[in-house]
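Here is the structure we will look at, set down as structure tokens.
The values are calculated or read from the model by the stated rules, or taken from the named source; none is laboratory data. What you see is a predicted model; the values in this text were computed from it and never measured. No Cβ is skipped: glycine too gets one built from the backbone with ideal geometry, and neighbour counts run over all protein chains shown. We work out accessible area using only protein heavy atoms, side chains counted, and drop any ligands, DNA or RNA first. Shrake-Rupley method; radii C 1.70, N 1.55, O 1.52, S 1.80 Å.
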Amino acid sequence: MSEQQKRYLANPEVSCREEGPDEGAILFNPDNDAILVLNPVGLLIWQALAQPRSKDEIVDYLMETCEDVPADRVYTDLDTFFQALQPGGFIGEVLD
């Protein structure tokens, strides 16, 4: 399965405290005490991961939600964001 076809899901054990409109959120993983601060776009991605989604599906969602962002930049930024989420156990891959 290619990287773009893998599906990801938010860890249901992680708590998300939204800081307010346009403020982002704070994630806490009680399994390992990891904390991650999200900007508003990170929060959009987190919310999209409430159901299993591929990176392509997330990019499509962000392209619809955010204005004037090039798809190649969204893919790059999403990869960087996932590199922050995965080691802390905030998200996992869904096996079909």
If amide hydrogens are placed 1.01 Å from N in the peptide plane, which non-local residues have theirs closer than 5 Å to the one on V94? R7, Y8, L9
Points 7 angstrom from Cα along the Cβ direction at V94 and M63: gap in nanometres? 2.0 nm
Taking Cα pairs under 8 Å and at least six residues apart, what relative contact order does the chain come out at, in percent? 37 percent
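Work out how much length D22 to Q86 would gain on full extension: take 0.36 nm times their residue separation and subtract the Cα-Cα distance, in nm to one decimal. Walk me through the numbers before you get to the answer.
On the way: separation 64, 0.36 × 64 = 23.04 nm, distance 2.41 nm.
Extending this stretch completely gives an extra 20.6 nm.
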Quick one: accessible area per residue over the chain, 1.4 Å probe, rounded to a whole number of Å²? 62 Å²
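Work out the FRET efficiency for A71 and Q47 from their Cβ-Cβ distance, taking R0 = 25 Å, and round it to the nearest 0.05. Numbers along the way, then the final one.
On the way: r = 20 Å, r/R0 = 0.80.
According to the calculation, E is roughly 0.80.
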Tell me, what ³J(HN,Hα) does each residue in segment 58-70 have, in order and in whole Hz, if you take phi through Karplus 6.51 cos²θ - 1.76 cosθ + 1.60 with θ = phi - 60° and put x for Gly and Pro? 5, 4, 4, 4, 5, 5, 6, 7, 9, 9, 6, 10, x
